[in-house]
Amino acid sequence: MTLSLPDAEQLALVRGVADFLAGEFPLTRFRGGVPCDIGRWPDLASLGIFGIMLPEADGGLGLGVVEAALVARELGQVLMSPAVIAGLLAPQVAARAGEAALCGALVAGERRVGIALGTLGDEARVADCHTTAAYGGPFLLIEGETLSLIEAGQRALDCIDGTVQLTAATMPGTVLARIEAPDLALAAQLLAAGLLTGLLETTRNMAADYARTRVQFGRPIGAFQAIKHRCADAALGAEMCWTQLWAAANALASGQADAEFQVRSAKWLAGDEALKAARFDIQVHGGMGFTQEADAQLILKRCHVLNQMFGNPRLVPAQLVLLPLEV
Amino acid sequence: MDLGSSGTFDAFRAEVRQWLAANVPAGPVPPISHDGQVHRAFIRNWQQTLHVGGWAGINWPGKYGGRDLSAMEQIVWYEEYARADGPDSPGLSVAQSHAGPTLIQCGTAEQQAFHLPRILSGTDIWCQGFSEPGAGSDLAAIRCRGDVVGDEVVVNGSKIWTSFAQGADYQELVLRTEPGSSRHKGLSWVICDMRSPGITVRPIQSMDGEYHNCEVFYDNVRIPLANVVGALGDGWRVSMATLAFERGRSFIGSQLRILRTVERLIAFAQETRGPDGQPLMADLRIADQLGILRARCAGLKSMSYFAAARSMNDAVPGAEGTYVALMLAETKQALFQLWMEMLDLRGLEIDDAPHANNAVLQYLFSYAITIGGGTSEVRRNIIAERILNLPRHDAVAELAA
């Protein structure tokens, strides 16, 4: 056990990413209701976060999984495309498979990369894989401890989350790179936990902001305990998920024996708490909450997308019971 | 930022572990009966053992007889204490974690010289005297009177929910010493000798059959003014003084205890067959709930370690401790509810309880956890108002309307 807080360098990294995202990727960018992040892949690449864990010799930042998790949390707060997980990991997959050119193109954002949420029959369900000829992006598929970069024929699906481009890719497709990497498979779970934790924090703030300002019955609705108690639950959930993300990232970085339990718990808890908060966020917004015009629906829908990532959450708790845990 | 890795304290940990293995009494802490005497003898004896072993006041400064361990060593101690199933009793924690630290911060030299050694050695057991019939969650509504007459405070009124008053020698008594004052003003914190004439203690039986709490009545009880801690009228500040003392580190033991209970419950589900003859763990609903509890307890543990790390860095602890307290209480309650459910018909028998680590009794007492020390509802108000800055719930205006 180590007692730790983010250090000065980590905080500086987070601040840099947060400032960039606040200016470039405000939630208002989704007002058109269409996928808009994949078109800005080069902007994200300019931030230097693609291949964040890639060794400097391979053109990456050479940072650790802890820094990657901190960055994922910031990306989650602005509801960045779920494909960003592939952006963060794919360069390493290419590098470890010996595909240096592909790796370089991925780090630079010249090749875009989608993320397979999971498979359904002989198809993969892929989020934000740019399929136009100009980019012909591959997607990252994670099956157990195997990570693959694949190009395959795809058909567009109509996703409940209109800001995510969902496609069905016919498998097996063409494998550009494939590696066995238990560390990266867990890192993917950790990054998904980071996105969900960030989304949860945004949800908490959105609900509390509204509860503070919306006046009914002569007072801000946040004065009513029926409202403020649920805001408090969202705040507690966010605190637990952030600290579990931190603990899990450090467990993975230091090779702790129960790292898998910690990481998968972080992912499941963040999905569970984020969904609860997203549901409340719609309720607290009243009539506007269930419209396409307010942002609350965006959060709920994105939460469902992230929850389907890397394993059905319904089945996870029973698996968590069996994983090694240091008590 | 690395505030300390337990690896650095391996030798210390080994020393603690070895001492606890040799000294923690076998078997459970005796239940608290109506007169509390068996429990009292047990905890006095245990505190004396700790004292002789050099483990009393681990977080107290050395000049007051404490062990003065670093924050990291304290955490190692709490971890190992939980792993060794070290005895837990309000009769000890009030003196060690509350009364002692309060006297260290606000007491006079005389008060410190008399009481601190007696607390460390287990000579005296202490109880709290804060809550009243009309001042529970709303502590500032205290009405119990202390009238200053000459060099004495004359006490009339009552306190309730006082843990282990029937076995205590002294009480931290918070009184309204300024007539007509209200809320946080005009309160005083005094040391009350529980053997004073005019005190009547009525133990209250909890739904698990033990007498955890008491009602205490004061009929012209005379307490010397020299027993006032801090200034007269300064009781609220004195009551809050200990908040910064330990900064939630002892919580770490509670997180480990609850995680250990989850692991026991998982083992129970694997070993025990349900009415259908299958191991309970084969029931997907049970496996699912156990997995959720295990994950949530891990989250709770992460939250308290992070809070401990943050408190080593911040000048003043924030309201974040409320997160840990709220979640600990509700998770513990959920855990024992699940265990009760898993016991099926056996759960109806108290006699069979030792079978399952007294799960039935712990289940019954778990209803107190979300109430004592601040209800879950008040804790949610604190989180919403102090951390999220939501407007205060103005109960006074509502009642007037």
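The values are calculated or read from the model by the stated rules, or taken from the named source; none is laboratory data. Small disclaimer: the values here were computed from a predicted structure and weren't measured. FYI the Cβ positions are ideal-geometry reconstructions off the backbone, even for glycines, and counts take in every protein chain you see.
So that you can scan it fast, the table gives a plain yes or no per residue for (1) within 12 Å of chain A (Cβ to nearest Cβ); (2) crowded, with 22+ Cβ neighbours inside 10 Å:
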| residue | (1), (2) |
| --- | --- |
| B:Met207 | no, no |
| B:Phe217 | no, no |
| B:Arg222 | no, no |
| B:Gly230 | no, no |
| B:Asp234 | no, no |
| B:Arg237 | no, no |
| B:Arg285 | yes, no |
| B:Ala295 | yes, yes |
| B:Asn313 | yes, no |
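With the requirement that a residue be crowded, with 20+ Cβ neighbours inside 10 Å and under 14 Å from A:Leu79 (Cα atoms), what does region A:31-59 give you?
Once the filter is applied, which keeps residues that are crowded, with 20+ Cβ neighbours inside 10 Å and under 14 Å from A:Leu79 (Cα atoms), region A:31-59 yields A:Pro35, A:Asp37, A:Ile38, A:Leu44.
Looking for whichever is acidic (Asp, Glu) and modelled with pLDDT of 95 or more here; the options are A:Glu151, A:Glu145. Which one fits?
After applying the criteria, what remains is A:Glu145.
Checking the conditions here, which among B:Leu225, B:Leu256, B:Leu232 is hydrophobic (A, V, I, L, M, F, W, C) and more than 30 Å from B:Glu178 (Cα to Cα)?
Exactly one residue qualifies, and that residue is B:Leu256.
Considering (1) more than 11 Å from chain B (Cβ to nearest Cβ); (2) within 22 Å of A:Ile299 (Cβ to Cβ); (3) at pLDDT 95 or above, say which one A:Leu176 fails and leave the rest.
Answer for A:Leu176: the failing condition is (2).
So in region A:224-278, with the set limited to residues that are among the charged types (D, E, K, R) and within 13 Å of A:Leu199 (Cα to Cα), which one is nearest to the other protein chains (Cβ to nearest Cβ)? Outline the logic, then answer.
Narrowing region A:224-278 to residues among the charged types (D, E, K, R): A:228, A:230, A:233, A:239, A:258, A:260, A:264, A:267, A:272-273, A:276.
Restricting the remaining residues to those that are within 13 Å of A:Leu199 (Cα to Cα) gives A:239, A:267, A:272-273, A:276.
Details: A:Glu239: 5, A:Lys267: 10, A:Asp272: 8, A:Glu273: 9, A:Lys276: 13 Å.
Only one residue tops the list, namely A:Glu239.
Can you pull out the residues in region A:208-226 that are out of contact with any Lys or Arg (no Cβ under 8 Å at 6 or more places or on another chain) and touching a residue at least 24 places away in the same chain (Cβ under 8 Å)? Break it down into steps so the answer makes sense when it comes.
Step one: filter region A:208-226 for residues out of contact with any Lys or Arg (no Cβ under 8 Å at 6 or more places or on another chain), giving A:208-210, A:212-219, A:224, A:226.
Result: A:Ala208, A:Tyr210, A:Arg214.
Assess whether A:Asp183 counts as being in contact (Cβ under 8 Å) with a residue 40 or more places away in the chain, surrounded by fewer than 23 Cβ atoms within 10 Å (Cβ to Cβ) and farther than 24 Å from B:Glu320 by Cβ.
Yes, satisfied.
Return a yes/no flag: does region B:327-348 have any residue that is facing chain A (nearest Cβ under 7 Å), at pLDDT 90 or above and either crowded, with 18+ Cβ neighbours inside 10 Å or out of contact with any His (no Cβ under 6 Å at 6 or more places or on another chain) (or both).
yes
If you scan region A:288-324, which residues turn out to be modelled with pLDDT of 95 or more, within 13 Å of another protein chain (Cβ to nearest Cβ) and touching a helix residue (DSSP H, G or I) at 6+ places or on another chain (Cβ under 6 Å)?
Once the filter is applied, which keeps residues that are modelled with pLDDT of 95 or more, within 13 Å of another protein chain (Cβ to nearest Cβ) and touching a helix residue (DSSP H, G or I) at 6+ places or on another chain (Cβ under 6 Å), region A:288-324 yields A:Val316, A:Pro317, A:Ala318, A:Leu320, A:Val321, A:Leu323.
Specify the residue that is nearest to A:Gly62 (Cα to Cα); the eligible residues are those in region A:1-24 that are touching a strand residue (DSSP E or B) at 6+ places or on another chain (Cβ under 6 Å) and in contact (Cβ under 8 Å) with a residue 24 or more places away in the chain.
My answer is A:Ser4.
Can you pull out every residue in region B:34-70 that is part of a helix (DSSP H, G or I), touching a helix residue (DSSP H, G or I) at 6+ places or on another chain (Cβ under 6 Å) and either among the acidic types (Asp, Glu) or closer than 18 Å to B:Gln105 by Cα (or both)?
Of everything in region B:34-70, just one residue is part of a helix (DSSP H, G or I), touching a helix residue (DSSP H, G or I) at 6+ places or on another chain (Cβ under 6 Å) and either among the acidic types (Asp, Glu) or closer than 18 Å to B:Gln105 by Cα (or both), namely B:Tyr64.
Determine, yes or no, whether A:Glu9 is within 14 Å of chain B (Cβ to nearest Cβ), within 26 Å of B:Met303 (Cβ to Cβ) and within 17 Å of the chain's Cα centre (by Cα).
For A:Glu9, the condition - within 14 Å of chain B (Cβ to nearest Cβ), within 26 Å of B:Met303 (Cβ to Cβ) and within 17 Å of the chain's Cα centre (by Cα) - is not met.
Can you name the residue in region B:49-75 that is charged (D, E, K, R) and free of Cβ contacts under 8 Å to residues at least 12 places away in the same chain and, of all such residues, is surrounded by the fewest Cβ atoms within 10 Å (Cβ to Cβ)?
Ranking the candidates gives B:Lys63 first.
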